[in-house]
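> Shown below is the structure under consideration.
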Amino acid sequence: MPAQKIRFTKRTLESLPMPPKGKRARYYDAATRGLLLDITSTGSMTFYVCRKANGKAQWERIGSLTDITVEQAQKKAAEINGRFAHGNDIRASRLAYKAEPTLTDVFQEYVKRHAVNCKTLGEMKKTYERNVVAFPYAIINRHEQFLADMKMSTIETRMAQDLHFRLKDEKGKYSANRTIQLLRAAVNACKGSKFYKGDNPFEGITLFPEIERNRFLSDDEATKLQIALDELQNTETRDFILFCLLTGVRKSNILSMCWSDVNLDSQTWTIPGEKTKNNQQQVVPLGDEEMKVLQPRFLRNFDADGIGKSPFVFPGKGKTGHLVDPKKSWTTLRKRIGLKDVTIHDLRRSFGAALASNNVNVAIIKNSLNHKDLKTTLKVYALTTQKAQLQAKQSIHKAWRERIEQNQQNQQIQQIPLEHSDEKTNSPASNQ
């Protein structure tokens with residue numbers, strides 16, 4: 001039977017007659033170039049793309065009507081047509097397409113070659129899993145569309161933008177921005193190493209504007225928090241939160257804090273450079289308040305022979321062996337005492353702010369927070385100068401007001417002799 005051209009819809013295709021025994025029928029889609037449905041007398045209905053190159057017909061199977069929808073077949077056919085336009089050879093383009101990396105292949109290559117020693121590698125993987133693998137960039141005909149398993153050549157900038165906007169709507173602009181930045185970096189790194197040679201669909205996407213967070217505890221709030229911690233029954237959460245506030249050290253370093261890095265005699269904690277954000281060793285002096293936290297934990301962890309139950313100061317039951325972020329306990333505590341908008345990282349900022357408020361030298365604050373760049377420290381320092389600015393401003397205003405009042409008093413004093421002089425001039429005694 002000669003091939004016919006019809007408009008493919010589910011109803012139309014299901015109503016097509018079966019060909020006679022031993023024969024087959026073929027129908028082309030009027031809306032999609034090269035897409036045809038091949039029907040056998042046994043009832044098999046299969047989608048193909050058929051295109052001519054150099055006078056010869058070239059075929060590529062898409063799938064059975066029982067396995068895929070008409071819309072999916074049309075989409076796949078459009079993809080094959082796109083490849084055919086570049087090579088005029090369906091077989092060669094198919095092999096090249098199969099060899100082409102997916103977005104997940106690119107990300108895994110990035111992790112293996114470029115980010116394997118990155119301190120935030122764990123967070124990168126979590127971001128990719130949550131926001132790319134498990135998060136659809138779009139929902140089309142009630143079907144979720146994911147970028148993770150798509151070939152790189154099929155990912156358009158429009159799709160990347162759709163992912164960016166969906167993430168912003170459902171997870172916030174910070175999460176959306178970090179995801180696009182991660183994917184952009186991964187693709188660029190793989191382009192640089194020739195693992196992938198195409199365009200970067202995540203390049204040129206404008207990030208959502210972010211307001212830099214500057215929340216830190218006031219003196220009253222810090223006092224309120226410490227009182228609440230003293231009353232807390234969960235000693236793990238209590239000691240961890242208190243240590244964050246007392247030292248100003250990054251949360252990740254405190255969570256993975258090892259006894260081998262702590263010297264109770266000299267009252268120091270040495271964080272190796274490979275564990276710090278700026279790759280520089282940090283020596284943290286431990287005061288009496290920190291020692292009140294560490295000494296009981298040391299006694300509970302080590303027996304008389306010095307054998308410890310855990311190498312970590314804050315041990316945990318998970319695969320890391322140490323405490324993980326106590327988000328639930330912290331959320332419950334901060335809401336109970338009215339600090340709903342405070343994060344654990346804000347405690348680090350609060351420590352730096354407290355140092356600045358007490359006129360501690362900027363260089364000392366920089367070392368205390370282990371900042372690599374002084375500009376970062378100055379941002380913290382600047383946040384705490386508002387109170388000092390207000391006091392200075394009020395003192396200037398007071399001085400101005402005092403000068404005005406003094407000037408007014410001087411004018412009044414100067415007027416008094418003139419009045420007395422007039423009285424004396426106009427008195428009866430003076431006229432005589």
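Where a number appears in this text, it was derived from the coordinates with a stated rule and is not lab data. Quantities reported herein were computed from a predicted structural model and do not represent experimental measurements. Positions of Cβ are generated from backbone atoms using ideal geometry, with glycine treated the same way; all protein chains shown enter the neighbour counts.
> Using each residue's phi in the range 175-181, evaluate 6.51 cos²θ - 1.76 cosθ + 1.60 at θ = phi - 60° and report the 3J(HN,Hα) Karplus result to the nearest Hz, with x for Gly and Pro.
Computed from phi, the couplings for the range 175-181 are 5, 5, 5, 5, 5, 5, 5 Hz.
> Nearest 0.05, what FRET efficiency do D303 and T270 give at R0 = 22 Å with Cβ-Cβ as r? List each step's numbers first, then the result.
Details: r = 24 Å, r/R0 = 1.11.
Once the sixth-power term is evaluated, E becomes 0.35.
> For the chain, with only Lys/Arg (+1) and Asp/Glu (-1) charged at the beta-carbon, what is the dipole magnitude about the Cα centre, in debye rounded to 20? The partial results should precede the final answer.
Working: 69 positive and 47 negative charges, 576 e Å.
Here the size comes out at about 2760 debye.
> A further question follows. Taking H placed 1.01 Å from N in the peptide plane, check which residues at least 5 places from T9 or on another chain put their amide H under 5 Å from its amide H.
Answer set, sorted by chain and number: none.
> Which of the lysines could be linked to K75 by a straight reach, that is with a Cα gap under 22 Å, when you skip same-chain ones fewer than 8 residues away?
Hits, sequence-local ones excluded: K5, K10, K52, K98, K151.
> Exceeding 32 Å between C-alpha atoms, which entries from my cross-link table qualify? They are K327/K375; K112/K340; K309/K366; K171/K317; K191/K328.
Values: K327/K375 30 Å; K112/K340 39 Å; K309/K366 35 Å; K171/K317 29 Å; K191/K328 41 Å.
K112/K340; K309/K366; K191/K328, as the Cα separations exceed 32 Å there.
> Quote the Stokes-Einstein diffusion coefficient, in whole µm² s⁻¹, for the chain, based on the Kirkwood radius over alpha carbon pairs, a temperature of 4 °C and a viscosity of 1.567 mPa s.
Numbers: Rh = 28.9 Å.
Estimated diffusion coefficient is 45 µm²/s.
> Right, something else. Report Rg (one decimal) and Dmax (nearest whole number) for the range 219-383, counting Cα atoms only, units Å.
15.9, 50
> Also, quick follow-up: What residues have an amide H closer than 5 Å to that of F314, excluding those fewer than 5 places away on the same chain, when H is modeled at 1.01 Å from N in the peptide plane?
M257, L323
> Continuing with the same structure: Tell me, what ³J(HN,Hα) does each residue in the range 154-160 have, in order and in whole Hz, if you take phi through Karplus 6.51 cos²θ - 1.76 cosθ + 1.60 with θ = phi - 60° and put x for Gly and Pro?
Using θ = phi - 60°, the values come out as 8, 8, 9, 4, 4, 5, 4 Hz.
> Within a Cβ distance under 11 Å of Q409, other residues only, what is the Lys/Arg minus Asp/Glu net charge? Intermediate values should be presented prior to the final figure.
Numbers: positive: R403; negative: E402, E405.
So the surrounding residues net to -1.
> Among K112, K126, K75, determine the one that fluctuates most according to a GNM of the chain built with springs between C-alpha atoms less than 10 Å apart.
K75
> What residues have an amide H closer than 5 Å to that of V284, excluding those fewer than 5 places away on the same chain, when H is modeled at 1.01 Å from N in the peptide plane?
It is W269, T270, I271, by chain and number.
> What list do you get for W259, W400 if you sort them by fewest beta carbons within 10 Å? If you can, show how the numbers build up before the last one.
Working: W259 19, W400 10.
In increasing order of surrounding Cβ atoms, one gets W400, W259.
> Work out from phi, with θ = phi - 60° and the Karplus expression 6.51 cos²θ - 1.76 cosθ + 1.60, the ³J(HN,Hα) of each residue of the range 245-256, listed in order in whole Hz, and give x for Gly and Pro.
Whole-Hz 3J(HN,Hα) from phi for the range 245-256: 6, 6, 9, x, 7, 4, 4, 4, 5, 5, 4, 9.
> For K275, go through the aspartates and glutamates and keep the ones whose alpha-carbon is under 15 Å away, minus same-chain ones fewer than eight residues off.
Those aspartates and glutamates meeting the cut-off are E123, D261.
> On to the next question. As an exercise, use a Förster radius of 22 Å and the Cβ-Cβ distance of K52 and Q145 to find the FRET efficiency, rounded to the nearest 0.05. The partial results should precede the final answer.
Details: r = 32 Å, r/R0 = 1.43.
Here the calculated transfer efficiency is 0.10.
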